[in-house]
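Asker: What follows is a single structure, and I will ask about it in a moment.
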Number of protein chains: 2
Amino acid sequence: MSSSTSSSDRKLVMIPGPIEFSDGVLNAMSTSSQSHTSPEFIKVFQEVLVNTRKLFQSTDSSAQPIVISASGTLGWEICGANFVDKEDKVLVLSTGFFSDSFADCLKIYSDNVDIIDASSFGNIVPYDLIESTLKSAKESGKPYNLITITQVDTSSGVLSNVEKISSIVKSISPETLIVVDGVCSIAVEDLKFDSWGIDYALTASQKAIGVPSGLSISFASGRAMEKALNPNRKITSFYSNLKKWVPIMKAYESGNPAYFATPPIQLIHALRQSLREILSVEGGVETRILKHHESSEKFKNNLNSIGLKLVPEREVAANGLSAIYFPEGIDGPALLKKISDKGINLATGIYKDYKTKYFRVGHMGVSSIGEGRNDVDLCFKYIKESLEELGYKQ
Amino acid sequence: MSSSTSSSDRKLVMIPGPIEFSDGVLNAMSTSSQSHTSPEFIKVFQEVLVNTRKLFQSTDSSAQPIVISASGTLGWEICGANFVDKEDKVLVLSTGFFSDSFADCLKIYSDNVDIIDASSFGNIVPYDLIESTLKSAKESGKPYNLITITQVDTSSGVLSNVEKISSIVKSISPETLIVVDGVCSIAVEDLKFDSWGIDYALTASQKAIGVPSGLSISFASGRAMEKALNPNRKITSFYSNLKKWVPIMKAYESGNPAYFATPPIQLIHALRQSLREILSVEGGVETRILKHHESSEKFKNNLNSIGLKLVPEREVAANGLSAIYFPEGIDGPALLKKISDKGINLATGIYKDYKTKYFRVGHMGVSSIGEGRNDVDLCFKYIKESLEELGYKQ
């Protein structure tokens, strides 16, 4: 496939990111060159930053949107470099591969990173364990400085209850900064940044936000910013240093140019377009989330109806992807190959020993809720047909 | 301007990056979604990595191309995080704002960063000073571990002679790693990575390579890689850690998928297209460089012919941009406004006290050497007309 935006022999991409993009977004990607300090581009970036606040359901003017040229991974480093000191205590709640990788990153910045694992693959971290861990740290006189919650771990498809965990943290250890990895959740799962008291949430462009990969998009609270911008705090990173980036973001949001590194002009145009598409729907982000939930429920019900078992139980399952066990006796790679030959690319598993035991379907953005599209139904049809062709019997 | 690739009321962008892009490159930017692990994308990334070697005029299989989602700035951090230890001695040759910023970045990674400044704004760093500095370090028993040369400092338009400086380093202090900031030079100035003995050269997509901003593109020697990948070396960065990235680059270049962070699919398609355009011309990169030199000479001769003074003397002037002093009595902002109103966006100055005394014209890529285009001549015409309208007399 070369550069066409629609081609009949092209495979539909239904992995948990990158997702399918709208025509408007793809058109914006080919915006002609613009100077990064021109009034035309400043307006675009300004709109993006203002609308990013809405994406995080925030109206708190002390909170800070941050949009940087990078993979989503940079958000982990922004967290480590700006909100974590070497002697800080960090608690990572792990529901899979991506939670663990986040911990790996934070270990560079803190000598005290503790991880609490989910009770089992496909499950959440038990609340009582979170409570007791926070309590004993608090009682020892050394409460955790920061906790991370991976709202959706893309490896397991587990959805953590950020609102509930956040309220536990607030009640036991209110000084602890609450960080949410929202890479596979922002714009598909509910995240009320202000009212849940989140301090930093990070995501990437190529998942539910519906923009090609290349943008690290994140959001920091006033409290987190105070720590990051403390003039006495020495920072050990250059590219992820918020002391460099925040003046740039503030300038553009207020309609002025500023320079630290050249912004990715075309990706920011694409993000403007996608945010417009998301926010122009009545109810904005909340409507988008609701529609994704409906679409996900229908797909998961269909999968269950033919006897397929999902990795996470329904009450802790993400709405932007489904992680599905291969049925007993079915050759996994052969199944994915059959589905791909029919026209849809799905993703393999990606968690330790379970890697070959399950596969993943992404259902975010236009594939899930695009008007006049039936990608999710088509995907179910191909899964069902392919299983039958491989001799699957319920 | 919205998302059209050509619009008659659009300003031509002739700043020293981002530059104007070819239609082929802009089309590639709107490539439909692809899985980052699909055979289709692997082929694209593989071609990009193979062709990146040609861009750096390298055939040394121990050297490593690195293409990462980020602004060019990340290249500085890759250098600091991977090739510099805290106790290492680093020598920065400064010919302007960007050399100084590179030094700022390296100070995070080394406690011993020395800077030698150019003899004056618009000039190069004197060779005898480079020699004596390297010699006295060598004689003290603590030679420099790394030296940086900004081949073209975009702030001053000064072109440093990398071949000559490199041979000085080799003769006095052969153990010193030689690093070239080629952000405003790769694909427009000559850089023979292997034969000049360079250890690391970094650039960005939006300059002479002719691809929208969002890609950090760099190249490391076998000797540099040995230091970076030393298993005993502790690295203090996550996103710029070559121990993470090199296995990914090696996998894609050999035609296999691998995952550390999602690559920027569309930008990599655009880079493939641009590299094809560059390399399909007879003589490849060398022809491209030659053509840029011719175009630059003509433009600079024209500027001189109406009495304009360039910031650097001709023998140390870059070929991808011109830094031009405003003539006495001419209101700088008024001049740039007039030229912009006629249809071309140029850049202001960006170096300390000189900031308001000069302006910059970028002439890289299609604007400089595109078939059937006369952007550079048009730009000269607008500069001349605008000066006349402001009462300029030679």
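The values are calculated or read from the model by the stated rules, or taken from the named source; none is laboratory data. The shown structure was predicted, so the numbers you read here are calculated from the model rather than taken from an experiment. In this analysis, Cβ positions are derived from the backbone assuming ideal geometry, glycine residues included, and neighbour counts consider all displayed protein chains.
Asker: Please find, among A:278, A:217, the residue that is of a type in the set (Val, Ile, Thr) and over 21 Å from residue B:71 (Cα atoms). Spell out the reasoning first.
Answerer: On the way: A:217 fails: over 21 Å from residue B:71 (Cα atoms).
The unique qualifying residue is A:278.
Asker: Would you mind telling me which numbered condition in (1) over 30 Å from residue B:361 (Cα atoms); (2) facing another protein chain (nearest Cβ under 8 Å); (3) crowded, with 23+ Cβ neighbours inside 10 Å residue A:16 fails?
Answerer: The single condition residue A:16 does not satisfy is (2).
Asker: Moving on to the next point. Is there any pair linking a residue in the range A:179-190 that is without any contact (Cβ under 8 Å) to a residue 24 or more places away in the chain to one that is surrounded by fewer than 24 Cβ atoms within 10 Å (Cβ to Cβ), with Cβ under 9 Å and at least six apart or on different chains, and which?
Answerer: Pairs found: none.
Asker: Could you tell me which numbered condition residue B:76 fails, if it satisfies all but one of (1) in contact with a helix residue (DSSP H, G or I) (Cβ under 6 Å, 6 or more places away or on another chain); (2) surrounded by fewer than 19 Cβ atoms within 10 Å (Cβ to Cβ); (3) within 12 Å of chain A (Cβ to nearest Cβ)?
Answerer: Failed condition: (2).
Asker: Can you report the number of residues in the range A:355-379 which are buried (at least 19 other Cβ atoms within 10 Å of the Cβ) and either aliphatic (A, V, I, L, M) or assigned to a helix (DSSP H, G or I) (or both)?
Answerer: Our first condition is that a residue be buried (at least 19 other Cβ atoms within 10 Å of the Cβ); within the range A:355-379, this holds for A:358-369, A:375-376, A:379.
Then drop every residue that is not either aliphatic (A, V, I, L, M) or assigned to a helix (DSSP H, G or I) (or both), which leaves A:361, A:364, A:366-369, A:375-376, A:379.
Qualifying residue count, the range A:355-379: 9.
Asker: Hey, could you check the range A:312-333 for residues that are assigned to a helix (DSSP H, G or I) and free of Cβ contacts under 8 Å to residues at least 40 places away in the same chain and say which is surrounded by the fewest Cβ atoms within 10 Å (Cβ to Cβ)? Please lay out each step first, then the result.
Answerer: First, pick out the residues of the range A:312-333 that are assigned to a helix (DSSP H, G or I): A:314-316, A:332-333.
Then keep just the ones that are free of Cβ contacts under 8 Å to residues at least 40 places away in the same chain; that gives A:314-315, A:332-333.
Numbers: A:314: 11, A:315: 8, A:332: 17, A:333: 11.
Among residues in the range A:312-333 that are assigned to a helix (DSSP H, G or I) and free of Cβ contacts under 8 Å to residues at least 40 places away in the same chain, the one surrounded by the fewest Cβ atoms within 10 Å (Cβ to Cβ) is A:315.
Asker: Could you list, in sequence order, the residues of the range B:37-61 that are more than 7 Å from chain A (Cβ to nearest Cβ) and either on the phi > 0 side of the Ramachandran plot or in a loop (DSSP other than H, G, I, E, B) (or both)?
Answerer: Answer for the range B:37-61, where residues must be more than 7 Å from chain A (Cβ to nearest Cβ) and either on the phi > 0 side of the Ramachandran plot or in a loop (DSSP other than H, G, I, E, B) (or both): B:37, B:56, B:57, B:58, B:59, B:60, B:61.
Asker: Another question about this same structure. Is it the case that residue A:163 is surrounded by fewer than 16 Cβ atoms within 10 Å (Cβ to Cβ), in a loop (DSSP other than H, G, I, E, B), acidic (Asp, Glu) and modelled with pLDDT of 95 or more?
Answerer: On the way: surrounded by fewer than 16 Cβ atoms within 10 Å (Cβ to Cβ): yes; in a loop (DSSP other than H, G, I, E, B): no; acidic (Asp, Glu): yes; modelled with pLDDT of 95 or more: yes.
Criteria not met by residue A:163.
Asker: Determine which single condition residue A:65 fails, assuming it passes every other condition in (1) out of contact with any strand residue (DSSP E or B) (no Cβ under 8 Å at 6 or more places or on another chain); (2) not in a helix (DSSP H, G or I).
Answerer: So the condition that residue A:65 fails would be (1).
Asker: For residues in the range A:285-307 being more than 18 Å from the chain's Cα centre (by Cα) and in contact (Cβ under 8 Å) with a residue 60 or more places away in the chain, which is surrounded by the most Cβ atoms within 10 Å (Cβ to Cβ)?
Answerer: Among residues in the range A:285-307 that are more than 18 Å from the chain's Cα centre (by Cα) and in contact (Cβ under 8 Å) with a residue 60 or more places away in the chain, the one surrounded by the most Cβ atoms within 10 Å (Cβ to Cβ) is A:295.
Asker: Now for a separate question. So if I check each of A:367, A:340, which one is more than 24 Å from residue A:209 (Cβ to Cβ), among the hydroxyl-bearing types (Ser, Thr, Tyr), in contact (Cβ under 8 Å) with a residue 60 or more places away in the chain and out of contact with any His (no Cβ under 6 Å at 6 or more places or on another chain)? Give the steps one after another, and end with the answer.
Answerer: On the way: A:367 fails: more than 24 Å from residue A:209 (Cβ to Cβ).
Exactly one of A:367, A:340 is more than 24 Å from residue A:209 (Cβ to Cβ), among the hydroxyl-bearing types (Ser, Thr, Tyr), in contact (Cβ under 8 Å) with a residue 60 or more places away in the chain and out of contact with any His (no Cβ under 6 Å at 6 or more places or on another chain), namely A:340.
Asker: Right, here's the next one. Is it the case that residue A:32 is closer than 18 Å to residue B:214 by Cβ and of a type outside the set (Val, Ile, Thr)? Let's see the steps before the verdict.
Answerer: Working: closer than 18 Å to residue B:214 by Cβ: yes; of a type outside the set (Val, Ile, Thr): yes.
In short, yes.
Asker: Regarding residue B:205, is this residue within 23 Å of residue A:240 (Cβ to Cβ), touching a Leu at 6+ places or on another chain (Cβ under 8 Å) and of a type in the set (S, T, N, Q)? Steps first, answer last, please.
Answerer: On the way: within 23 Å of residue A:240 (Cβ to Cβ): yes; touching a Leu at 6+ places or on another chain (Cβ under 8 Å): yes; of a type in the set (S, T, N, Q): yes.
Here the answer is yes, as residue B:205 does meet what is asked.
Asker: Only one of A:243, A:338 is surrounded by fewer than 21 Cβ atoms within 10 Å (Cβ to Cβ) and within 30 Å of residue A:394 (Cα to Cα); which? Explain how you work it out, then say what you get.
Answerer: Working: A:243 fails: within 30 Å of residue A:394 (Cα to Cα).
After ruling out the rest, the residue left standing is A:338.
Asker: Quick check on the range B:198-237: of everything there that is more than 24 Å from the chain's Cα centre (by Cα) and within 14 Å of chain A (Cβ to nearest Cβ), which residue is modelled with the highest pLDDT?
Answerer: Checking each candidate, the answer is B:233.
Asker: Could you identify the single residue in A:146, A:129, A:134 that is under 19 Å from residue A:162 (Cα atoms), hydrophobic (A, V, I, L, M, F, W, C) and surrounded by fewer than 16 Cβ atoms within 10 Å (Cβ to Cβ)? Step through it out loud before you land on a result.
Answerer: Details: A:146 fails: surrounded by fewer than 16 Cβ atoms within 10 Å (Cβ to Cβ); A:134 fails: surrounded by fewer than 16 Cβ atoms within 10 Å (Cβ to Cβ).
Result of the check over A:146, A:129, A:134: A:129.
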